[in-house]
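Everything below concerns the one structure shown next.
Throughout, read-outs are computed from the coordinates displayed, never taken from laboratory work. Fair warning: this is a prediction, and the values are worked out from it, not measured in the lab. Using ideal geometry, Cβ is built from the backbone for each residue, glycine included, and neighbour counts are taken over all protein chains shown.
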């Protein structure tokens, strides 16, 4: 028993030493920042993160776009826990277990949170051909046409999916989900008039709304949005509880050395607080958050618990 304990202690010391050395040598080659498809909310945050890390660490951080939360998550979950593969993803990552029976990874076991990078308000938009200009008119219009309106949705667990299901539940609407592989595909279908409405992150919606290609009906955040002046919140429009907001976190594979996680956290936090980055975030309705890894973990659990409660009343399964 004594020999076994001594062997365990020596192994633990060797692992600790290896992690220390790895952290001291890190990084000595380019980093890969895996995220959602080009143009989606995670892509915007990932590019800010990659730029910040490139400047701070002296190694290039390359953005790797992959459509679908399962695809990106599975890739990073299987990557080496050495700090060279990062994942920048939003709510989908931790909400997918509520939507699917089978998952190729365990969100809580296979990833180590690094930092809660940004938070982005969501807005409900419709195609301009839909004869509604506010939530009262939309609810009235939809109730008069049960099953005839549809909403675009990216993968199960995205805010486009959860937001619409919250709206259906709270407003007692019968609208049909049209799923797409990613947020960009859903947006393109809305712009072409193939779907009627869509919950979107402000960073993706603002230019389309300003150009008149989409119409904003309400923001799905507790407070009004500075980039959508005059657009009511869902609560102010008479639909309290229809709240969805995108939070984008940075993750690494589980068992990544804590010293490397601390370094990445520090450099991303520093980059997000520069005046230039804060100004860019403000123009698209996002804000830098930051904080220790535990803050991201707490936000994930809070959102998971809220949507899990909803799933007891509404089926969110992506069969």
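Using Cα pairs closer than 8 Å and at least 6 residues apart in sequence, work out the relative contact order for the chain, in percent.
Relative contact order comes out at 26 percent.
Select from 171, 302, 271 the residue whose mean-square fluctuation is largest in a Gaussian network model of the chain (Cα-Cα springs shorter than 10 Å).
Ranking 171, 302, 271 by mean-square fluctuation puts 302 first.
Rounded to the nearest whole Å³, what is the per residue volume of the convex hull around the Cα atoms of the range 210-278?
154
What list do you get for 35, 54, 256, 136 if you sort them by fewest beta carbons within 10 Å?
The fewest-first ordering by Cβ neighbours comes to 136, 54, 256, 35.
Please list the equivalent ellipsoid semi-axes of the range 121-219, computed as the square roots of five times the alpha-carbon gyration tensor eigenvalues, in descending order and whole angstrom.
So the equivalent ellipsoid measures 18, 15, 12 Å along its semi-axes.
Taking only C-alpha pairs under 8 Å that are 6+ residues apart, what is the relative contact order of the range 121-219 in percent?
Contact order relative to length: 47 percent.
Taking only DSSP H segments of four or more residues, each worth -39500 (n - 2.57), what value at 222 nm results for the chain once the sum is divided by all its residues, to the nearest 500 deg cm²/dmol?
-14000 deg cm²/dmol
Which of 274, 107, 233 moves most in a GNM of the chain, Cα contacts under 10 Å?
Largest GNM mean-square fluctuation: 274.
Starting from the Cα gyration tensor of the range 17-127, take the square roots of the eigenvalues, sort them a ≥ b ≥ c, and report rounded, prolate or oblate (rounded when a/c is under 1.5, otherwise prolate if a/b is larger than b/c, else oblate).
oblate
Between 226, 296, 53, find the one with the highest GNM mean-square fluctuation for the chain; connect C-alpha pairs within less than 10 Å.
Result for the chain, Cα springs under 10 Å: 226 fluctuates most.
If you take mean projected area of the Cα convex hull in nm² from the coordinates, which of (1) 15.9; (2) 24.0; (3) 17.6 do you get?
(3)
So how far, in whole Å, is the C-alpha centre of the range 190-239 from the one of the range 92-106?
Measuring centre to centre over Cα atoms gives 28 Å.
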